[in-house]
Each structure stands twice: as C-alpha cells, then as structure tokens.
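First up is the structure itself, then whatever we jot down about it.
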Amino acid sequence: MSWTVIQQSLPIFEKAFWLTLKLSCYGIIGASLLGLFASFIRYFQIPVAKQLVNVYIELSRNTPLLIQLFFIYYAFPEIGLKIPAETSGIIGLIFLGGSYMAEAFSGGLDGVPKVQIESGKAIGLSNLQLARYVIFPQGLALSVPAIAANVIFLIKETSIFTVIAIPELTNTALDQIGMYYHTDESLFVLVIGYAIILIPLSLILTWLERRARYGTFGH
Amino acid sequence: MVDTLLKVEHLNKAYGTKQVLHDINFSVTPGSVTVLLGPSGSGKSTLIRCLNGLEEFQSGQLSFEDQPIKPTPKTWQQLRQKIGMVFQSYDLFPNLTVIDNILLGPLKVQKRSKTEALKQATQLLKEVDLTDYADAFPRQLSGGQKQRIAIVRALALNPEFMLFDEVTASLDPEMVRGVLEVMLNLAKRKMTMLVVTHEMNFAQQIADNVLFLEDGAILEQTPGKQFFTQPQTDRAREFLDSMAF
C-alpha cells in the first residue's frame, strides 16, 4: 500500500466525503419529517390518509433501495420525469427512510403508558392537548434509540447511490480502483471516510439516547 | 346548593359476556366522604372509573348536580374539570416539572391567568409540604411525594368532587401516612370525595358512608360509623374480620 497514492487521491475523496455527508443530511432530515408526518396520521387515525400511509410503509420497507433508485432515476424519465442523479438519491433515501422513521416514531408513541393518557384525560385535556403536552413529548423521547439506529442505517445506505453514478464515497473508491487499480489504497480511504462520519455520530447518538431516557423517565 | 352531587342509577357494565357491575345505585351528598370497600376484583376500580368517564357502561344513568350526564367524550372532557381523579400508580407527567404538571390543567384546559394559577398552585404545594419541589422533575421525587403532587394537580382545577382509586396501594408503608393526611385535611374542609382504599383505619376515620361491593354488586350501604362496628351483612363482617389483625 502506497502512502503517496493515498495522498494523491485525498482531494477527490474529500469531495466525495462532503457529498456523502450532504446527501445523508438531506435524506435524514427529509425522512424524519416524512416519518413524523406519517406517524401523526397513524396516531390520529385519519381515515384514508391512514390507509395511504400503510401502503407507503409496506412498499417502502419491502423493496430494496437499489430498486427504488432504479425506478426514480431510470424509469421515471420514461414518463417524462427526468430527475438529476443527486436529487434522485435524496428522494430515494427519503422514500426509504420515511417508513423506517415512521415506524420508529409510532413505536415511541405506542410506548407511552396508558395511565399517562388516562391521567391527562382526568385533568380535562382534549385529545389534541393530550397529544401535544403528554403523548408526543414522551413518545418522541422513547423513539430516540430507534431514530438513532435509522440515522446510521441511512448514512450507510448512501453507498448504494453508486449505482446511479453519484460520486459519493463508495462510487469514488470504485472509480479509483477501476481507473488506476489502486484497490488497497482506495478501500482503505473508503473505510476511513465512513468511520470518520459514523463513529463520532454513533457516540453522539448514544449520548443523546441516554439523555432522552433520563430526561423523560424514572418513576 | 344541591342535595345530591352525584347520583348513580341502575348502572350495569359488562366486559363481553362477563357482567362486572350489577345494577349499582347510590348517591353522594355534597361535602360527604364515601368509601368504597370490598375484596379484590369486586369492581371498585371499575365503578370509580365509570364515574370519570374512563370506562364505558352498557346501561344506567349518572347525574352530576342534578344534571343527567350524557356519556359523550365532549361531556366528560368538560366534567372532568369538576370531577378530579387520582390513580394508584404515580401518574405524573415525567416530561414536565412538578409545577408544570400542576399548571397544565388550569392554564391549558381552564385558560386561567398564569399569575392567579401559579398563586393557587404555590399555596397547594405549601399545604402538602412540597414547596421546595416546584421545579423538580417527577423522577426526583419519592412515591409518596409524587402521589401528593398528583392530588395537588387534580385540586388545581378546583373540582367539586374528588375520586381516589387506591392511591396508597403502591406506596412504601412509610409514605402512606403523608398521603392519607392530605386526604383527611381535604375531608375536614368538606371536599366531597369517593375513596377506594384498603387502609381500614383510615377508612373508618374518614368515611361518612360506606359502600360495600362484592362481585360487582353493592351488598351494603351503611353510614361509616355503623359499618365498622355493626355491619348489616355477614359478608361485610367477614370482610372486616379478614382485614383486622
């Protein structure tokens, strides 16, 4: 393994690193908002919308991101919907992540003890007030561990973007290997690149999980 | 002032085919303390929960201040400001501080002014001896302290009627006293109360009336003093004997 080769490839990997981070951020934020929205629809049992959410969740969770990306990037142009690669990637990540986030939020909301709901009712709270002051704050705190797992999962899923030629980390590494046969060096930098993102993030999320638990519970 | 605060007529409740409350009839006069006694599984909790709209029932009529209660979610939501309830488990909202727990109802449900509600809350906290804990979170409190706050939270809405469902049943023995004292003070101040409890000494002290329940039916309705010395039914006598050490 040659350090010179690594050094020379660093600028292009750096670009890929920031791109991976940027696409992950958009995807995760979008997926969280979509998931939150879907879980609220489920919580309030809004007719029709609730069924649509369920169909979406089944569809999104039971198809691979790879196929979802193919659809968005290669199939949609057939019906006149041409979407740039990076946007396709973000849309794909949101489509996939939204259902995972929805399940995480819903799990948290379901986890709020029944007696909390009853004691909220007992002081005269309306359903909306109950949701706003009691169920959602507690439910969202309960869902933090699952959300954290999804965040990590979604960042790793960006490696699939390589199939629609987005120059993120994995794509860049494969490119370097393909062009210069610098297999060892490229894979080494690739691993380091993901580790730099994921390890600190994982630590932060663990800290956040502990805080959320401590902030909410303790009978 | 009305003669009866709460009236229960021919209340029947079943879970599926299993009848859990049989033709319950009683009324509660303002300022009185009614104690609901009976063995486990006799339907005490189910009954008290019916009176706050937390359980539905198949037939029967409830009236509050001589007004028949239409059992809809809307009616109950309104009525719960007048009928407070405290549960067995310490059910404070863990995401809110003590003072926010107490103020949630007055501010959001009753839309009262913050200054006025806070003044009342502070006074109530003083009465239960927990002034210093206003800004604490529930997890920092002991079970007995939490339960006293739960009582304050219900009182902050200025209810006319208080329901207590075995509020000391899951407390450590040494915490029980503080909670019972709060309830005794309420009784002294002529708060109308319906109390489910297994603390017999306390029941004897506080009860103006006793309803003795078994298998979902009221076996006996007797003034408090008389119930503990001369119960009318053998079953009640047996129950009292079994509770006495």
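The angle between the Cα long axis of helix B:143-155 and the main principal axis of chain B comes to about 90°, on a 0 to 90 degree scale. Comparing Cα centroids, segment B:228-242 and segment B:7-59 end up 21 angstrom apart. Positive contributions from Lys and Arg (+1) and negative ones from Asp and Glu (-1), summed over other residues with Cβ under 14 Å from the Cβ of A:ASP110, come out at +1. Entry note, chain A: relative contact order of 29 percent, from Cα contacts under 8 Å with a spacing of 6+ residues. Residues whose amide H falls under 5 Å from that of B:GLU214, counting only those 5 or more places apart or on a different chain, are B:LEU219, with hydrogens built in the peptide plane. Taking the Cβ of B:GLY38 as the centre, find all other residues whose Cβ is under 11 Å away and add up their charges (Lys, Arg: +1; Asp, Glu: -1). After counting each charged neighbour, the total is -1.
In debye, nearest 20, what is the charge dipole magnitude of chain A about its Cα centre with +1 on Lys and Arg Cβ and -1 on Asp and Glu Cβ, if you could check?
Once rounded to the nearest 20, the dipole reads 880 debye.
Compute the angle between helix A:49-61 and the longest alpha-carbon principal axis of chain A, please, reported from 0 to 90 degrees and rounded to the nearest 10. In chain A, helix A:49-61 runs at an angle near 30 degrees to the longest axis. Overall, the accessible surface of segment A:120-185 at a probe of 1.4 angstrom is composed of carbon and sulfur to the extent of 61 percent.
Selection among B:GLY31, B:PHE93, B:GLY43 by position relative to the dipole of chain B gives B:PHE93 as farthest towards the positive end (Cβ unit charges, Cα centre).
Counting only protein chain heavy atoms and rolling a 1.4 Å probe, the accessible areas of B:ASP135, B:ASP165, B:ASP100, B:ASP172 rank, largest first, as B:ASP135, B:ASP172, B:ASP100, B:ASP165. With θ taken as phi - 60° and the Karplus curve 6.51 cos²θ - 1.76 cosθ + 1.60 applied, the whole-hertz 3J(HN,Hα) list for segment A:25-42 is 4, 4, x, 5, 5, x, 5, 5, 5, 4, x, 4, 4, 5, 6, 5, 4, 5 Hz, x standing for glycine and proline. Relative to the longest principal axis of the C-alpha atoms of chain A, give the angle of the C-alpha long axis of helix A:183-216, reported between 0 and 90° and rounded to the nearest 10°. Once rounded, the angle reads 10 degrees.
Counting Cβ atoms of other protein chains within 10 Å of each residue's Cβ and taking the mean over peptide A:112-120 gives 5.
A protection proxy built from the mean count of other Cβ atoms within 10 Å ranks the segments A:45-57, B:105-117, most packed first, as B:105-117, A:45-57. Counting 0.36 nm for each residue step from B:ALA169 to B:ASP241 and taking away their Cα separation leaves a gain of 23.9 nm. Pairs over the 25 Å Cα-Cα cut-off, from the set B:LYS44/B:LYS114; A:LYS114/B:LYS44; B:LYS82/B:LYS119; A:LYS114/B:LYS119; B:LYS13/B:LYS70; B:LYS74/B:LYS111: B:LYS44/B:LYS114; A:LYS114/B:LYS119.
What separates the Cα centres of segment A:78-157 and segment B:78-155 is a distance of 30 Å. A:ILE192 sits among other residues whose Cβ lies under 14 Å from its own Cβ, and their net charge, with Lys and Arg +1 and Asp and Glu -1, is -3.
Peptides A:103-112, A:126-135 ranked from most to least packed give A:103-112, A:126-135, packing being the mean of other C-beta atoms within 10 angstrom over each peptide's residues. Dipole orientation for segment B:28-243: of the candidates B:GLN61, B:GLY178, B:LEU103, B:LEU103 has the Cα lying most toward the positive pole (charges on Cβ; Lys, Arg +1; Asp, Glu -1).
The values are calculated or read from the model by the stated rules, or taken from the named source; none is laboratory data. Values in this document were obtained by computation on a predicted structure and should not be read as measured data. So basically every Cβ, Gly included, is an ideal-geometry build from the backbone, and we count neighbours across all protein chains shown. In case anyone asks, the SASA skips ligands and DNA or RNA and just uses the protein heavy atoms, side chains included. Shrake-Rupley method; radii C 1.70, N 1.55, O 1.52, S 1.80 Å.
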